[in-house]
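Nothing in this text is a laboratory measurement; each read-out follows from the coordinates by a stated rule. On a predicted model such as this, the values are computed, not experimentally measured, just so you know. Methodologically, a virtual Cβ is constructed for each residue, glycine included, from the backbone with ideal geometry; neighbour enumeration extends over all protein chains shown.
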Amino acid sequence: MRTRTAAMATAAAAAALLAATAVPANAAAPAAVEWSVQHGTAAAAGERWTEPGSGWPPSVLVIEGELTNTGAGCYSVWTRFVYDLAPGPARKHAEICGPGSVEVGVRQSYWITTTGSIAVCRGTENTSDCGTWRSATTWPIDRS
């Protein structure tokens with residue numbers, strides 16, 4: 001009987017959590033939050049926000065912007081996400097060699113327990129030489 005009661009309590013708690021965090025289909029998109037990172041002669045900046053998803057998890061994190069380089073070297077933009085304390089691999093989203101600029105675009109499944117960071121790294125192959133990793137999943141407090 002205890003096992004059944006515990007299972008029912010767990011199911012009720014899970015349903016309450018889903019109801020409290022679900023995004024209605026007609027909900028207005030949250031305001032975009034600016035982001036920026038830099039390293040060496042390169043900088044990347046733009047906006048990020050969440051959108052309702054079409055599956056599980058119920059949201060998508062969108063990061064858009066531009067990677068600009070003023071020098072001769074190669075640079076790239078990378079993200080790292082952690083899901084429920086399980087770190088995922090670093091992923092490259094944009095790269096540039098020499099002066100100029102390119103678009104940065106990221107669409108990542110997002111849940112309330114997801115944390116993620118973004119950085120500019122020297123080179124295009126790995127994350128061994130990067131600027132400061134900045135949070136891509138910290139949100140301002142709405143004081144309205």
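Tabulated values for the structure
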| read-out | value |
| --- | --- |
| The range 32-42 - phi-based ³J(HN,Hα) in whole Hz, Karplus 6.51/-1.76/1.60, Gly and Pro as x | 6, 10, 6, 9, 7, 9, 8, 6, x, 9, 10 |
| Environment charge at Leu67 (Cβ cut-off 10 Å; Lys +1, Arg +1, Asp -1, Glu -1) | -3 |
| Contour excess over end-to-end distance, with Cα ends at Ser54 and Glu66 and 0.36 nm allotted per residue | 1.7 nm |
| Cα shape, the range 95-144, gyration tensor, a/c 1.5 rule | prolate |
| Potential lengthening between Ala90 and Ala32 on full extension [0.36 nm per residue; Cα-Cα distance subtracted] | 18.5 nm |
| Summed residue charge, Cβ within 13 Å of Ser101's Cβ, Lys/Arg positive, Asp/Glu negative | -3 |
| Whether the range 46-144 is rounded, prolate or oblate, judged on the alpha carbon gyration tensor where a/c under 1.5 counts as rounded | prolate |
| Among 37-45, 51-59, the order from most to least packed when residues are scored by Cβ within 10 Å on average | 37-45, 51-59 |
